[in-house]
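Reviewing the structure listed below.
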């Protein structure tokens with residue numbers, strides 16, 4: 001089946017459909033990772049986006065039942081150079097093509113993804129439309145009449161509808177018994193979390209209570225947490241003033257750890273604004289420098305916005321920066337038990353250099369206990 005990808009600047013790419021038939025509109029972005037396509041598909045931070053993978057052959061190890069990062073596929077559509085029709089891996093249950101079709105997600109392959117990526121790097125990410133139904137002219141008219149990415153509060157769309165807990169045994173109802181070897185009680189505000197965050201905390205002896213993004217500071221504190229984590233998530237952080245207000249009310253009452261969008265929410269709670277990056281950071285090989293130690297970490301990233309540190313209130317400082325463009329990659333408070341990371345320490349997909357920051361947050365909790 002023919003498929004068409006059209007960008008808002010009028011450039012179009014024609015290829016073959018590899019997913020469900022139909023028409024979707026989204027922000028077109030690219031990810032430079034060589035692996036991790038299943039995690040990318042199910043990462044809530046990609047909600048509302050048409051994701052292009054720059055590695056040319058995608059799907060060679062198939063799709064399995066264990067590597068999903070959320071309860072559903074989150075991307076609007078997938079764009080690849082070539083899809084592997086016959087995956088080879090002992091964990092594989094479905095091919096990528098079968099998975100997209102079963103989940104109702106449109107996709108396209110057989111286009112020049114290098115040319116597409118170069119255009120996005122030069123012009124910046126832009127809105128696009130992927131269709132198996134419309135002509136080029138119809139698609140461009142439909143795209144022009146569609147709302148833009150930053151007009152949607154995607155966090156409300158991807159957050160958990162109900163609270164739950166997660167420990168070494170996996171997801172459980174909130175009234176499940178506490179395991180005897182639980183050392184920490186973490187409460188996580190779900191703005192679009194990846195399950196690997198919960199797995200990392202659980203592996204370190206934590207029981208994590210996950211609350212919807214609409215939870216108030218009182219709701220969070222009612223769970224009697226040792227520490228509070230703020231998850232990654234999609235969309236423009238400028239639309240999340242209600243969540244920022246609750247984060248501000250938690251400051252000084254409990255240790256805080258922000259990841260990706262969580263970093264931006266904490267920054268906003270301390271007076272900073274955010275700005276949109278030209279084409280974002282999405283991939284598994286971004287170098288980040290710790291300004292205290294000088295250590296460089298190779299990180300997995302997925303964000304289209306960054307914190308402007310110029311408005312930060314006294315006490316909150318930048319402690320990590322991106323070595324590619326100098327943008328903020330982490331904030332740390334000089335006296336309160338609060339730190340954040342703009343990248344993904346849960347590291348799936350990507351390297352595990354930053355995995356120890358989960359243990360660092362738990363050490364911060366221990367220190368705050370006295």
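The values are calculated or read from the model by the stated rules, or taken from the named source; none is laboratory data. For clarity, every value in this text was computed on a predicted model and none was experimentally measured. A quick note on method: Cβ atoms are made from the backbone with ideal geometry, for glycine too, and the neighbour counts reach across all protein chains shown.
More than 17 Å from the chain's Cα centre (by Cα), under 27 Å from residue 251 (Cβ atoms), part of a loop (DSSP other than H, G, I, E, B) and assigned by TED's automatic domain parsing to the domain that holds residue 260: is that true of residue 174 in this structure?
Working: more than 17 Å from the chain's Cα centre (by Cα): yes; under 27 Å from residue 251 (Cβ atoms): yes; part of a loop (DSSP other than H, G, I, E, B): yes; assigned by TED's automatic domain parsing to the domain that holds residue 260: yes.
Judged against the criteria, residue 174 is a match.
Output the residue which, of all residues in region 102-114 that are surrounded by 17 or more Cβ atoms within 10 Å (Cβ to Cβ) and within 23 Å of the chain's Cα centre (by Cα), is nearest to residue 41 (Cα to Cα).
Top of the filtered list is 105.
Under 28 Å from residue 140 (Cβ atoms) and assigned to a loop (DSSP other than H, G, I, E, B) - does that describe any residue in region 37-49?
Initial filter on region 37-49 (under 28 Å from residue 140 (Cβ atoms)): 40-41, 45-49.
Those left that are additionally assigned to a loop (DSSP other than H, G, I, E, B): 48.
Yes, because at least one residue in region 37-49 is under 28 Å from residue 140 (Cβ atoms) and assigned to a loop (DSSP other than H, G, I, E, B).
Which of the residues that make up region 72-91 are in a loop (DSSP other than H, G, I, E, B) and surrounded by 17 or more Cβ atoms within 10 Å (Cβ to Cβ)?
Listed by number, the residues that qualify are 73, 74, 76, 80, 81, 84, 87.
Checking the structure you have, find out if any residue of region 190-208 is in contact with a helix residue (DSSP H, G or I) (Cβ under 9 Å, 6 or more places away or on another chain), closer than 16 Å to residue 250 by Cα, part of a strand (DSSP E or B) and at pLDDT 95 or above.
Within region 190-208, one or more residues are in contact with a helix residue (DSSP H, G or I) (Cβ under 9 Å, 6 or more places away or on another chain), closer than 16 Å to residue 250 by Cα, part of a strand (DSSP E or B) and at pLDDT 95 or above.
Among the residues of region 120-171, write down those that are within 19 Å of residue 197 (Cβ to Cβ), in contact with a helix residue (DSSP H, G or I) (Cβ under 6 Å, 6 or more places away or on another chain) and not in a helix (DSSP H, G or I).
166, 167, 168
Residue by residue, here is whether (1) more than 30 Å from residue 37 (Cβ to Cβ); (2) surrounded by fewer than 20 Cβ atoms within 10 Å (Cβ to Cβ); (3) in contact (Cβ under 8 Å) with a residue 40 or more places away in the chain holds:
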position: 251; (1), (2), (3): yes, yes, yes
position: 255; (1), (2), (3): yes, no, yes
position: 264; (1), (2), (3): no, no, yes
position: 278; (1), (2), (3): no, yes, yes
position: 299; (1), (2), (3): no, no, yes
position: 316; (1), (2), (3): yes, no, yes
position: 319; (1), (2), (3): yes, no, no
position: 328; (1), (2), (3): no, no, yes
